[in-house]
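**Q** Dumping the structure here so I can ask a few things about it.
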Amino acid sequence: MLENLQLGFETALTTENLLWCFIGVLLGTVIGLLPGLGSATGVAILLPVTLAFEPVTALIMLAGIYYGSQYGASTASILISTPGDSSSVVLTLDGYQMARKGRAGAALALSAIASFVAAILSLIGLIALAGPIAAFALNFGPAENMAVMLLGLATIVSFAGSNVLRGITMAAVGILVSLVGVASGFSTARFTFGSTNLLSGLDFVAVMIGIFAVGEVLYQIRRGGEKPIRAGFRDLLVTKEELTRSVTPALRGTGLGFFLGVLPGAGATLASFVAYGVEKQVSRFRKQIGTGAPEGVAAPEAANNAAANASFIPTLALGIPGSGTTAVLLGAFVIFGLQPGPLLFEQEPALVWGLLVSFFIGNLILLVLNLPMAPVFAQLLRIPYQYLYPFVLLMSFIGAFALGNNTFTMTVVFAAGLVGYFMKRYDFPAAPFVLGMVLGPLLEKSLVQTSALGDGNLLIVFDSPLSAILMCAAILAFAYPLVSGMVRGMRNRKRAAVPAEA
Amino acid sequence: MRTLVSSRRKAWWKEKRSDIVGTLIMGALGAAATLMGLGYGVFVEGNHVGPGFMPMAIGIFIFGASMLELGRILIASDSLKENSVMAVVETTQQDAAEQIAEVQGELDTFGRTQKQRNRAPFYIFLVLAVALLLVDLLGLVVSFALAVAFMVIVIERRPWWVGIIATSSAVAFIYVIFKLILNIPLPTGYLGLI
């Protein structure tokens, strides 16, 4: 472990990597801050710009955008009650209320401190767990791989809220989209409708740019913009009481966020909501939550940062993205010729450990940047969106062209943007779709391998104890929300019928 | 009485229309994928998984889930998962949505009404589609520069000189990054300008 960390520090502390780490987290803060530009959008549109970099430098910068945006996103929620990213939606409650009471600066400072504490604690967890999980996953055969992927898909369903069926549908549509083109192991072209452009499938990053950049930006245009509340440097002083009250919620949020972040499909957004909900139930000051309480800022902010870091565990160790943004990052790995998963730790130790160590450095930079500079960043909220979105759209299309070097990639971005806009408008979740798109080809590959191993008998997944346990867990995770939904529906109907009869 | 029932039905249809149409589209997609999967061959020699297996299985899955969702929309209520983690999440989501909606008035900071904002994405998609079609003729940079200028000057109603400055800056940035630094051969079209 110490050797790995030393290797990581040697890689992350080169002048070039330090510089791009700084640029990444700075851009992340700005991108997170601007409504309509979330972390996934930022990573997707800036990915083409990193094509000329060394893979480790590019990934350090792109990951910096991801966790940097977690810091920036809260500023928009606190000051204009318009979340910069979905993971900071919950801050529109207590964060915005604190701002209305003249404590905007304190809310920004509390969110930066909670984010930093959570990031450091979750990074220790990430470094401690990612390696051993990857080493354990090296023993997986096709059956275990298939079971793990089905379990990953099942967790998406479990956390899809009242939209369980939409979550399932979108994950399946994502898989279906990933099947376009000639599949590896077969010579049949699927869903190409005679187009030669589609033979090699739909470019994953182009689809991500369409959904997260074009779709999100256009949805934001539909929503409109708000005037920010002013936050001064003097307001940044947090009172002793606010700080004391925030310690336990931040630690609770970190624990919850880390646990949920490890699960594919759960991610930072869910973690922040759960942490807030838990505080509302267990906090000593629960009656004040919702009216501008520091607990309502510290807990969700810690949770979303912890989850963002923890989502790298399944991404790096198993090749299964923990969130929408890590799915886009996974696309970046593939562009640089790397396949995230257990073998990555053996084959590219400098890259993996350099990336992980850069998270520590990046979070330190973010604290130094965000704590005193939050009011400066807040001024960016005054940039008129009318000038910003045409530039983002321009970057998206030209960037997509740079990725594929053909105009068809831009058509894919356009179509995916249209789909992404309607998904957002009609509340079809994007994360299951993205995870489905990533897992589709891997699932099919392990399915074909399992079929070959069992000579056509897929039930061999229950032969090995590990894959049998994973499969049972996946079946339970799929069935539980559906069955419990049906039982609840029946119970509700019975309850509704009783007064009518009475 | 009949008018009351009719207006209730109309209100119900208006509220649920997009959900029903969206779910039906998903169902049709699932059915189409199933049929196409069958065409690709579900099993190959030796009863092994064939190229049509996944499309067929996923198609059935989408179709089934869409029909269940349709049933939920038409029959069931949108009740929360009582006493569960997701109930806490959904309650908080509703609170946050109400807070955001409360802050959002009819006019945004740019003085646009909701109606104007609803129309804007449609026009922007149209402009982007035209820009894509013009790439072969004008080249990538020129066609998208025109699109940006159109968005700023016509859709956002900014002064023409502001639009020109904004477009020139954006194009200069793009040109330096992609053409000069990354050496990406951006298509110049039949006109061969930049």
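**Q** Remind me, relative contact order of segment A:1-128 in percent, using alpha carbon pairs under 8 angstrom and six or more residues apart?
**A** Once divided by the residue count of segment A:1-128, the mean separation gives 23 percent.
**Q** Mean 1/r over all different Cα pairs, inverted: what Kirkwood radius does segment B:8-82 give, in Å?
**A** 14.0
**Q** If you rank B:Arg157, A:Arg223, B:Arg9 by fewest surrounding Cβ atoms within 10 Å, what's the result?
**A** B:Arg9, B:Arg157, A:Arg223
**Q** Determine the calculated [θ] at 222 nm for the protein assembly as shown from helices alone, applying -39500 (n - 2.57) to every DSSP H run no shorter than 4 residues and normalising by the residue count; nearest 500 deg cm²/dmol.
**A** Here the helix-only value at 222 nm equals -24000 deg cm²/dmol.
**Q** Does segment A:2-501 come out rounded, prolate or oblate, given a ≥ b ≥ c as the square roots of the eigenvalues of its C-alpha gyration tensor, rounded meaning a/c under 1.5 and, failing that, prolate meaning a/b above b/c?
**A** rounded
**Q** If the cut-off is 24 Å between C-alpha atoms, which lysines fall inside it for A:Lys101, apart from same-chain ones fewer than 8 positions away?
**A** A:Lys227, A:Lys240, A:Lys280, A:Lys287
**Q** Could you run the Karplus curve 6.51 cos²θ - 1.76 cosθ + 1.60 with θ = phi - 60° over segment B:22-39 and give me ³J(HN,Hα) per residue in whole Hz, x for Gly and Pro?
**A** x, 5, 5, 4, 4, x, 5, 4, x, 5, 4, 5, 4, 5, 5, x, 4, x
**Q** Here's another thing I want to ask about it. Once you list every other residue whose beta carbon is under 15 Å from the beta carbon of A:Leu366, what net charge do they have if Lys and Arg are +1 and Asp and Glu are -1?
**A** Value of the local net charge: -2.
**Q** Tell me, A:Tyr67, A:Tyr385 in order of fewest to most beta-carbon neighbours within 10 Å?
**A** A:Tyr385, A:Tyr67
**Q** Which ordering of A:Arg491, A:Arg425, A:Arg245 is given by a fewest-first count of other beta-carbon atoms within 10 Å?
**A** With the fewest neighbours first, A:Arg491, A:Arg425, A:Arg245 line up as A:Arg491, A:Arg425, A:Arg245.
**Q** Please list, or write none, the lysines whose alpha carbon is within less than 27 Å of the alpha carbon of A:Lys494, excluding same-chain residues fewer than 8 places away.
**A** B:Lys16, B:Lys81
**Q** Can you give the relative contact order of segment A:2-501 as a percent, counting alpha carbon pairs under 8 Å and 6+ residues apart?
**A** 28 percent.
Only the coordinates and a few stated rules stand behind these numbers; no lab work does. It should be emphasised that the depicted structure is a prediction, and the values quoted were computed from it without experimental measurement. Positions of Cβ are generated from backbone atoms using ideal geometry, with glycine treated the same way; all protein chains shown enter the neighbour counts.
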